[in-house]
Amino acid sequence: MADSIIRRTYKFRIYPSKAQTLDLQQQLAEGCRLYNAALRERKDAYRLNRVSLNYYTQANQLKDIRANGDLALANFSCCQDILRRVDKTFKAFFRRVKAGQKAGFPRFRSIRRFDTITFPSYGDGIKLTDKLRIQGVGLVKVKLHRPIDGKIKTVSIKREGSKWYACFSVETKPEPLPRTDQAIGIDVGIESFATLSDGTHIDNWKYYESEQKRLRVAQRRVTRRKKGSNRRRKAVAQLRNIHQKIFNRRNDFQHKLSTDLVRNYDLIAVEKLNILGMSKGILSKQIHDASWSSFFQKLRFKAECAGKQLIEVDPRGTSQRCTCGVTVKKDLSVRWHHCFSCGYQNHRDIVSAQNILSLGLSDNGSKYQVADRLPLEAVCFS
């Protein structure tokens, strides 16, 4: 752990001028055009000649394309990164085909949804001093609200609605947090976002559901506007801002909750859920709104960086089994657990979290203590 290197991303707001904004939009447009052209070439090569192109075949054409002036503003390394994106998309497609999953052939990208360009080598086309120097754009004001700890490897320029951000991917050494010798089990759900084995319920704020009325109004406004008009563009921007607000609030909540859990506990046991399969059922909207996958991803990364242990356990039977080991069958409408064998009673989600913790401790029981009820700052998030 001491010699390992991790990747961490720092995201900062940048403030381009009107002229610089036009230059950045032009670079995104050129990147989108290159992405779609590379995708078209691959499709045509296979359809006409049964030839599968790879990244190197397409990258060798970049010099001639740039010589024709089609990509005058774009950095050469950025163009290579876009071609790698196309190659990665096709590899993921073929992997899904081989696995027998729903493949989903790579699709062309709309210029309105092509929002990121990446400089894969820091110093080549982009440099940070007191301002951010971007090739083809110039010096752009950046708000460095915290220091960058580590060696900068790549930089991505991202558009989110009308705002622009610079994302610095850095290599750094993990910093283990002090040990607490405490362990916790987590049961995620819809009624509560998460229930901990110590009895704590984390509220599910249902960020998407709470904005349904505003989304409906904004969507209807877009539908009524004439395509191509300025009024429609403004309506689309308003709709996009609502979706961005939902994402930001959910992301902020999950970051703070995962940070608190990693600080307080050395072992965290969670369920190994088939979230993709669960999201195709009648609760699909609620599961997407909760975004468990995103939460587990944050929790896993932060636990690794802090030297903590995240254990995934088999979720089968965790809500049907008492802590004494006896199976107590109940359907989803029954929210209270009552074991007629040992007499134990509690909320079914708490019992499930306790069973998850027991499974997680099966190989590490002597190292950790079962946590007492600890107040988390995250339970008060709104």
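What follows draws every value from the coordinates through simple rules; no lab data is involved. The shown structure was predicted, so the numbers you read here are calculated from the model rather than taken from an experiment. Positions of Cβ are generated from backbone atoms using ideal geometry, with glycine treated the same way; all protein chains shown enter the neighbour counts.
Just from its helices, what would the mean residue ellipticity at 222 nm be for the chain, if runs of 4 or more DSSP H residues each count -39500 (n - 2.57) and the sum is divided by every residue, rounded to the nearest 500 deg cm²/dmol?
After summing the helix terms and dividing by residue count, I get -13500 deg cm²/dmol.
Neighbouring Cβ atoms within 10 Å as the yardstick, rank V97, V188 fewest first.
Least to most surrounded, the residues fall as V97, V188.
Counting pairs of alpha carbon atoms under 8 Å apart in space and at least six apart in sequence, what relative contact order in percent does the stretch 135-178 give?
That works out to 33 percent.
Looking at the chain from every direction and averaging, what is the projected area of its Cα convex hull in nm²?
Convex hull of Cα atoms, orientation-averaged projection: 24.0 nm².
Rounded to the nearest 20 Debye, what is the dipole magnitude of the stretch 6-172 about its Cα centre when Lys and Arg each give +1 and Asp and Glu each give -1 at the C-beta?
For the stretch 6-172, the charge dipole is close to 760 debye.
Which distance in nm do the two modelled labels at R221 and D203 give, with both placed 7 Å along the Cα-to-Cβ direction?
Label at R221, label at D203, 2.7 nm between them.
Of the options C305, C339, T323, report the single residue whose Cα projects farthest towards the positive end of the charge dipole of the stretch 304-367 (beta-carbon charges: Lys, Arg +1; Asp, Glu -1).
The residue sitting farthest along the positive end of the dipole is C339.
Where in the stretch 297-331 is the amide nitrogen less than 13 Å from a point lying 7 Å along the Cα-to-Cβ axis of K272?
Within reach of a label on K272, which here means backbone N under 13 Å from a point 7 Å along Cα→Cβ, the stretch 297-331 contributes 311-316.
Can you put S77, S319 in order, fewest other beta carbons within 10 Å first? All intermediate terms of the calculation are to be shown ahead of the outcome.
Numbers: S77 17, S319 21.
Lowest count first: S77, S319.
Under a crude label model (7 Å from the Cα following the beta-carbon direction), how far is K98 from Q26 in nanometres?
About 4.3 nm, to one decimal.
So which DSSP H runs in the chain come out at 27 Å plus along the axis (Cα) with average Kyte-Doolittle of at least -0.5? Walk me through the numbers on the way to the answer.
Values: long enough: 18-49 (46 Å, -0.94); 76-98 (33 Å, -0.30); 230-264 (51 Å, -1.37).
For the chain, where a helix must reach 27 Å along its axis and average at least -0.5, the hits are 76-98.
Averaging sequence separations of C-alpha pairs under 8 Å and six or more residues apart, then dividing by the length of the chain, give the relative contact order as a whole percent.
On the way: 559 pairs, mean separation 69.2, N = 382.
Relative contact order here is 18 percent.
Evaluate the charge dipole of the chain about its Cα centre and quote only its size in Debye, nearest 20, assuming +1 on the Cβ of each Lys and Arg and -1 on the Cβ of each Asp and Glu.
Value, rounded to 20: 2660 debye.
Pick out, from N49, T200, G281, the residue whose Cα sits farthest towards the positive end of the charge dipole of the chain, with +1 on the Cβ of Lys and Arg and -1 on the Cβ of Asp and Glu.
Going by the charge dipole, the pick is N49.
Considering the Cα trace of the stretch 97-243, what is its radius of gyration and what is Dmax, both in angstroms?
22.0, 62
Could you check the simple spin-label distance between I6 and N241, using points 7 Å along Cα→Cβ, in nm with one decimal?
The two pseudo-label positions are separated by 3.6 nm.
Write out the trypsin sites (Lys or Arg not before Pro) in the stretch 209-244 meeting two conditions: DSSP loop, and at most 14 other Cβ atoms within 10 Å of their Cβ.
On the way: sites: K213, R214, R216, R220, R221, R224, R225, K226, K227, R231, R232, R233, K234, R240; in loops: R225, K226, K227.
Within the stretch 209-244, the qualifying trypsin sites (Lys or Arg not before Pro) (loop, at most 14 other Cβ atoms within 10 Å) are K226, K227.
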